[in-house]
Amino acid sequence: MSLAEDISKLADVPEVDYRPDGKETLLQKYRIPIQHFEYGYIQKCNDARELEKILQVLRSGEEGHYPDLIKFTEERLTTIHPKSKLLRTCCSVLDKSSLQKDEVDKLTSDLQDWLNNISKKDQELDNRKSKSIHSDAEIRTFKETTEVNKEMKEKRIKSTDYSAWDKYDPDTELLKMDLDEEKEITKAKKEEKPKKKVSFNAFATEAEASFFSEREREKGNEFFKSGDYEEALQCYNESIKAKANVLNINNRAAVNLMLKRYDDVLSDCEIVLRLDKSNVKAHLRKAEALENLERYNDALKTVDYVIQADPNNPRAQEIAQRLREKLPEFGRKTRMKIVEIE
């Protein structure tokens with residue numbers, strides 16, 4: 001007897017609720033016809049929401065246990081809606097007893113390396129503090145003095161000098177004041193000494209460089225989240241200048257992608273992939289940059305690398321589907337209509 005026949009028999013069973021709590025089953029709640037649980041219907045179904053309901057009913061075991069049908073429904077749902085929450089798998093937290101000896105040794109070695117690195121940075125900062133110069137001597141200051149224009153006092157008209165007031169022209173005097181002000185500004189600019197700028201091309205210790213680099217990268221992340229991509233790019237550039245690593249270069253590639261600077265994205269992604277060949281984010285950003293540069297074949301090769309490593313990566317699947325639609329060899333095929341002539 002086939003599975004379809006077993007399921008179809010459920011339609012002939014009278015609707016009797018055998019559940020002790022009196023609650024309706026998922027099949028009753030979702031009101032899904034029994035015929036929709038057949039392989040043929042699931043294969044043709046394009047409604048992701050209905051597939052999720054069918055999968056929930058099958059997984060509940062309320063209508064029976066059909067492991068092959070559950071697996072088939074999951075595969076169909078993966079094709080239609082790979083980001084579905086029902087496709088997520090829960091994993092228990094690993095403890096030391098569940099790991100192999102070589103895995104435990106590797107984790108212990110990594111943790112010890114991290115502790116040694118932190119201790120080294122702390123030692124560098126402590127040595128830096130001990131070499132600092134402290135002085136209680138005050139820095140000499142000077143007051144900027146401005147000369148008072150004595151001619152203004154001498155040219156001031158007395159209130160009782162009526163003949164001088166008759167000759168006074170306000171517009172002319174205002175024009176003279178503007179000219180004098182412009183002369184003073186020009187003279188001050190000529191006499192002004194250029195300010196000395198101090199720039200640090202290198203940090204005293206590697207710990208300081210790492211701290212500054214990480215701080216600028218985090219600032220860039222905040223600007224990126226708020227949509228201020230130019231400021232984010234500036235912070236990432238400062239972070240890379242202090243100490244370049246996979247994180248800040250990869251972040252700069254992301255912001256360049258948002259700014260549509262695709263050549264810069266490719267350059268940053270190539271650097272990241274030289275440092276970390278299996279970096280998924282770098283591969284995906286490279287693929288998107290190639291797509292926007294209309295290099296679809298190269299983009300598809302790049303994203304296929306991610307799919308081979310992680311077939312369930314939803315973003316990679318989305319990019320690959322988009323690229324296949326743009327490439328002519330993956331386009332929709334049409335059937336030739338044959339007309340019989342009598």
With respect to the cross-link table entries LYS260/LYS286; LYS243/LYS286; LYS286/LYS326; LYS83/LYS219, which display a Cα-Cα separation exceeding 20 Å? LYS243/LYS286; LYS83/LYS219
Quick one: order ASP110, ASP95 by neighbouring beta-carbon count within 10 Å, fewest to most. ASP95, ASP110
Taking the range 68-100, which trypsin sites (Lys or Arg not before Pro) meet the DSSP loop condition and have no more than 12 other C-beta atoms within 10 Å? ARG88
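Computed from the coordinates by the stated procedures, all read-outs in this text should not be read as laboratory data. The shown structure was predicted, so the numbers you read here are calculated from the model rather than taken from an experiment. Every residue, glycine as well, gets a Cβ built from its backbone with ideal geometry; the counts of neighbours run over all protein chains shown.
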